Amino acid sequence: MTADSTLPSDMAPQLNSRAATRAQGVRRFKWTVLSPLIALMVFILLPAFVLQGYFSFFSFSIFDAGDDTSFLSYFRASEWVGLDLWKDALTDDKFGFAIIRSLLFAVGVTVGCFVIGFALALLMYRPFRGQGFYYIFFILPMLTVPIVIAYTGEMILYQNGPLNDIIGMVTGTRSDAQFLYKQEVALTTIAAMEIWNWTPFSFIIMMAGLASLPKEPQEAAQILGASKWRIFWEVQLPLLRPVILLALILRFLESMAEFPKTWGLLQGGPGSATETIPVYIFITAWQFFDISYGAVLSYLVLFMMMAIVMSAIWLLRREKKSLDAMYETKPQEG
Amino acid sequence: MAMTKSQRRISYAAFRYLVLTFWLLVVAFPIFWMVSTSFKPDREWFAWPPVYISENATLQNYLAVWGDVTTHSVDEQTGEIKTYAQSLQRPWQALGNSALISVIATTLSVLFGSVLAYGVSRYQILSEGRMFQLLMLRMVPPIVLVAPISIWYSALGLLDTILGLVMLYFLTTLPYAVWMSKSFIDEVPREMEQAAEILGASRWRTIWEVVLPLVRSGLVATFLFILILTWSEYLLALLLSKAQIVTLPVELSKYQGSTEGRVYGRQAALSVGITLPLIVVGMIIRKHLARGFSFGMVRR
């Protein structure tokens with residue numbers, strides 16, 4: 001971290017005294033600005049990591065501490081179990097299912113948001129009468145608080161709620177479908193709410209992406225007689241790749257971490273139908289107070305997510321580099 | 001058989017309005033339902049067929065939730081009198097907490113984030129790799145650290161405090177603050193700063209009088225964007241608060257577990273109160289929303 005050169009490389013050889021003071025100033029500025037971030041990472045996040053590590057090898061549940069709830073009592077009440085908990089976690093079926101559920105949920109939500117968001121953006125990115133009106137409405141779901149959506153969703157989906165009424169009106173027969181308290185559909189319903197909530201996100205990114213596309217390649221293709229489809233597939237889509245990746249990656253990561261709807265509404269139920277990773281960890285650590293097992297699960301999830309996040313970041317960086325290269329060769333406008 | 005060009009254009013326009021209007025209904029219905037339920041008297045909350053727009057609209061729910069009024073109603077079949085107590089709920093206190101926490105955290109985040117962004121934009125104080133690593137603070141799901149943090153917080157006496165939540169909100173929103181404000185700062189032409197410097201202005205004066213006025217609206221957009229994130233945060237607020245520092249989303253979730261059973265009208269009245277500020281904020285920055293998460297991928 002210290003080796004970072006703070007000056008553009010072409011200035012380095014001719015470091016006269018003025019440049020040196022300047023570099024010093026920049027360095028001082030850098031560490032001043034970074035200090036709160038570093039302080040929080042060292043005093044809050046780092047101890048949390050260490051504690052988590054400790055408790056993953058020393059078994060401890062809040063119950064072990066009894067009446068004594070002081071911090072040190074946690075250590076006195078904990079007991080060395082080595083890798084036992086790690087072995088348990090790796091053979092824990094419920095944990096495995098939670099991972100599968102989370103992955104399915106995240107993939108479904110990501111694809112759902114993207115397909116709807118992109119389709120809407122394609123229909124809307126060229127100016128037309130009413131564009132602003134639709135845009136305002138379409139971003140609304142993102143501005144409603146997730147937990148509010150969860151509870152409002154329940155009011156709508158409940159058996160005697162308006163959704164069943166509307167289905168009844170359309171089909172002509174009384175519908176009393178269960179959308180939430182039924183194992184087979186619960187996770188799908190939550191996913192639908194999540195899609196409703198976050199389609200605006202994909203929509204906004206794709207709108208911005210489409211609006212920023214350079215016009216020349218399209219015009220050139222048009223002059224050469226390419227059909228609209230071909231222009232879309234072979235000109236627009238490749239240019240949109242970075243934006244598409246961004247929309248997919250961010251949405252995937254956020255839905256892996258989804259908690260307010262799954263927990264707030266169904267607490268992992270019915271049965272364990274909505275027990276996703278966050279819910280399972282929550283139940284372990286906060287309902288069964290099994291801090292140690294929760295710590296092991298958290299570490300495993302952390303490793304998994306780090307691997308995913310790091311590849312995501314690698315992908316994003318690669319795209320950004322190719323974009324930077326593309327825009328450097330062209331004179332910048334405006 | 002073959003349509004003329006203008007026919008095709010008209011049918012495309014019709015198709016577009018059809019699809020967009022369908023989605024408009026999908027988007028608007030839940031919001032409409034929330035608002036409409038908040039005005040329903042309690043016998044209509046669970047009525048079948050559902051009541052779409054109440055003919056007996058009432059402010060009862062708002063008064064019960066936000067006012068200091070205990071309300072009761074008479075069950076029409078049994079004649080039983082039901083009283084709804086107002087007191088697990090302290091919405092004004094929760095509103096105060098939410099406002100305080102999100103405003104302080106957002107201010108800090110944008111303050112440090114934008115200064116850092118300036119440093120990155122002008123002096124490359126962080127390499128691009130580090131800028132992307134910064135994103136990890138946001139991308140790793142908070143659930144994996146919240147248990148040890150709560151233990152560590154209880155040792156430090158930070159559990160159930162405003163400071164405790166502010167620090168974590170600061171950390172988790174900083175990446176967005178840096179990236180978003182950088183996108184605005186990058187747009188300020190360097191020539192203007194150089195000109196000011198040649199005219200003898202100091203570094204700080206240049207930033208204060210040349211750069212800041214040009215990025216002001218961008219910083220406001222960044223501020224509001226992050227305010228949306230901190231205002232609606234649920235997980236950390238739920239797990240790191242016990243009794244004192246309850247934020248609005250957590251307050252709302254208390255209704256779900258309340259012993260009185262479902263009280264849709266009350267929940268809706270509270271929900272409207274939570275959502276309204278965000279919608280106002282979102283409308284103000286609607287043109288800038290895309291920047292919040294485009295990380296330099298969208299060029300204009």
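Based on Cα contacts under 8 Å between residues 6+ apart, the stretch B:91-292 shows a relative contact order of 34 percent. Distance from the Cα centre of the stretch B:189-225 to that of the stretch A:113-136, in angstrom? One Cα centre to the other: 35 Å. The stretch A:155-227 and the stretch A:241-257 have their alpha-carbon centroids 17 Å apart.
Model label sites at A:Ile223 and A:Lys94, defined 7 Å from Cα along the beta-carbon direction, differ in position by 6.7 nm. Put a dot 7 Å past the Cα of A:Ala325, heading toward its Cβ, do the same for B:Leu18, and the two dots end up 4.5 nm apart.
Select from chain B the helices, each a whole stretch of DSSP H, whose alpha-carbon atoms run 18 Å or more along the helix axis and whose Kyte-Doolittle mean is at least 0.5; answer none if there are none.
B:5-38, B:91-123, B:143-156, B:162-185, B:212-232, B:264-284
Here the stretch B:1-36 is scanned for amide nitrogen atoms under 15 Å from the site 7 Å beyond the Cα of A:Arg126 along Cα-to-Cβ, giving B:5-17. In percent, rounded to a whole number, the relative contact order of chain A is 25, using alpha-carbon pairs under 8 Å and six or more apart. The slack in the chain from A:Met306 to A:Leu103, taken as 0.36 nm per residue of separation less the alpha-carbon distance, amounts to 71.6 nm.
Among B:Leu25, B:Leu116, B:Leu212, which one shows the highest mean-square fluctuation when chain B is modelled as a Gaussian network with alpha-carbon springs under 10 Å? Largest GNM mean-square fluctuation: B:Leu25.
From least to most packed, judged by other beta carbons within 10 angstrom and beginning with the fewest, B:Glu55, A:Glu258, B:Glu44 follow the order B:Glu55, B:Glu44, A:Glu258. Per residue of peptide B:151-158, the mean number of Cβ atoms on other chains within 10 Å of the residue Cβ is 5.
Of interest is the spacing of the C-alpha centroids, which for the stretch B:16-63 and the stretch A:137-154 amounts to 14 Å. Listed by chain and number, the lysines whose alpha-carbon sits under 27 Å from that of A:Lys321, ignoring those within fewer than 8 places in the same chain, are A:Lys30, A:Lys215, A:Lys330, B:Lys182, B:Lys287.
The mean count of C-beta atoms from other chains within 10 Å of the C-beta of residues in A:87-100, rounded to a whole number, is 0.
Taking each residue of A:44-55 in turn, how many C-beta atoms of other protein chains fall within 10 Å of its C-beta, and what is the average? Write down the numbers at each step before the final one.
On the way: counts 10, 8, 1, 7, 10, 4, 2, 7, 7, 1, 2, 3.
Average neighbour count from other chains, rounded to a whole number: 5.
Remark on A:Phe58: its backbone amide H falls under 5 Å from those of A:Val81, a criterion applied only to residues 5 or more positions apart or on other chains, H modelled at 1.01 Å from N.
Mean projection of the Cα convex hull over all viewing directions, computed for chain B: 25.0 nm². A Förster radius of 45 Å combined with the Cβ-Cβ distance from A:Trp80 to A:Trp31 puts the calculated FRET efficiency at roughly 0.65. Working ranking of peptides B:30-37, B:278-285, A:72-79 by packing, defined as the average number of other Cβ atoms within 10 Å per residue, highest first, is B:30-37, B:278-285, A:72-79.
Rule-based calculations on the coordinates, nothing more; no lab input. The structure presented is a predicted model; accordingly, all values stated were derived computationally and were not measured. Heads up, the Cβs are rebuilt from the backbone with ideal geometry, glycines too, and the neighbour counts pull from every protein chain shown.
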